[in-house]
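S.K.: One structure is given below, represented as structure tokens, and several questions about it will come after.
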Amino acid sequence: MQSPLWLQKQPVLPIINRATPEEALIVAEALLEGGIEVMEMTLRTTQAKDALQAVRKEFPELTLGVGSILSHEQLEWAAKEGMKFGVSPAWDDDLWDKSVALRIPFFPGVLTPTELGRAINAGCLCPKIFPIEPAGGAAYLKSLLAPYLGTGLTCLPTGGIGKEKVSQYLEIPQVSAVGGSWITPQPLISAKNLEGMTKLAKSSLLLTNAT
């Protein structure tokens with residue numbers, strides 16, 4: 001799988017780990033008003049599926065993905081519900097094969113050269129690199145990617161990346177987009193602060209020349 005065009009057009013991928021359906025709708029509206037057309041919501045709470053379904057119904061123009069996928073059942077649910085992509089924290093051969101069979105764009109997490117090589121050999125050319133900041137940040141990512149520059153590989157680094165470090169990653173040619181929750185911090189979600197999240201979304205577009 002190559003990096004989808006919709007991912008290449010956005011400098012950041014907002015990741016929402018906890019939101020009620022009502023909060024998720026406000027987040028989606030704020031992102032779209034701020035010029036961000038893609039969002040990932042993880043399956044880390046009991047309300048996550050309801051929130052995802054609410055956003056999918058209300059904002060069909062949003063490229064909506066499901067994060068923290070750990071099983072075939074979760075991946076099948078994402079595909080059945082019309083979600084545009086799936087994300088997993090780790091590499092799993094069977095889960096990758098399932099995503100190929102379902103024809104859903106899938107970003108499995110890798111962190112080491114061994115895991116990255118395994119992903120490439122399986123045909124995954126746009127993995128998630130997670131958790132990147134605890135592992136050494138942009139400097140580590142450059143070293144990790146160096147042996148694979150001729151493969152056509154691109155990647156989605158996530159994990160602990162704050163706004164002040166996003167540009168460091170976007171300067172790396174193999175980075176399609178940077179994933180993070182700084183655009184949608186939990187205090188703004190809980191406060192249903194649409195204006196605050198819209199402002200952060202707009203500011204994220206200034207980090208790159210993406211249009």
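The values are calculated or read from the model by the stated rules, or taken from the named source; none is laboratory data. Values in this document were obtained by computation on a predicted structure and should not be read as measured data. Virtual Cβ from ideal backbone geometry, glycine too; neighbours counted across all protein chains shown. Accessible surface areas use protein heavy atoms only, side chains included; no ligands, DNA or RNA. Shrake-Rupley method; radii C 1.70, N 1.55, O 1.52, S 1.80 Å.
S.K.: Taking the condition of a type outside the set (D, E, K, R) and under 15 Å from the mean Cα position of the chain (by Cα), does Leu111 pass?
M.R.: When the stated conditions are applied, Leu111 does not pass them.
S.K.: Let me ask something else. Go through (1) β-branched (Val, Ile, Thr); (2) out of contact with any strand residue (DSSP E or B) (no Cβ under 6 Å at 6 or more places or on another chain); (3) closer than 14 Å to Gly180 by Cα and name the single condition Thr46 misses.
M.R.: Of (1) β-branched (Val, Ile, Thr); (2) out of contact with any strand residue (DSSP E or B) (no Cβ under 6 Å at 6 or more places or on another chain); (3) closer than 14 Å to Gly180 by Cα, only one is false for Thr46: (3).
S.K.: Another one. Please go through (1) under 28 Å from Glu81 (Cβ atoms); (2) open to solvent by less than 40 Å² (accessible area, probe 1.4 Å); (3) assigned to a loop (DSSP other than H, G, I, E, B) for Ile189 and return the number of the only condition it doesn't satisfy.
M.R.: With (1) under 28 Å from Glu81 (Cβ atoms); (2) open to solvent by less than 40 Å² (accessible area, probe 1.4 Å); (3) assigned to a loop (DSSP other than H, G, I, E, B) applied to Ile189, the lone miss is (3).
S.K.: So which of Ile132, Ile183 is at pLDDT below 95, touching a helix residue (DSSP H, G or I) at 6+ places or on another chain (Cβ under 7 Å) and surrounded by 21 or more Cβ atoms within 10 Å (Cβ to Cβ)? Spell out how you get there, then give the answer.
M.R.: Values: Ile132 fails: at pLDDT below 95.
Checking each option against the conditions leaves just Ile183.
S.K.: Any chance you could count how many residues in segment 112-126 are assigned to a loop (DSSP other than H, G, I, E, B), open to solvent by 10 Å² or more (accessible area, probe 1.4 Å) and hydrophobic (A, V, I, L, M, F, W, C)?
M.R.: 2
S.K.: Here is a follow-up. Which number in (1) basic (Lys, Arg); (2) free of Cβ contacts under 8 Å to residues at least 40 places away in the same chain; (3) closer than 26 Å to Pro131 by Cβ marks the one condition that Lys80 misses?
M.R.: (3)
S.K.: Can I ask one more? Filter segment 135-176 for residues that are open to solvent by 40 Å² or more (accessible area, probe 1.4 Å) and aromatic (Phe, Trp, Tyr); which is nearest to the chain's Cα centre (by Cα)?
M.R.: Tyr140
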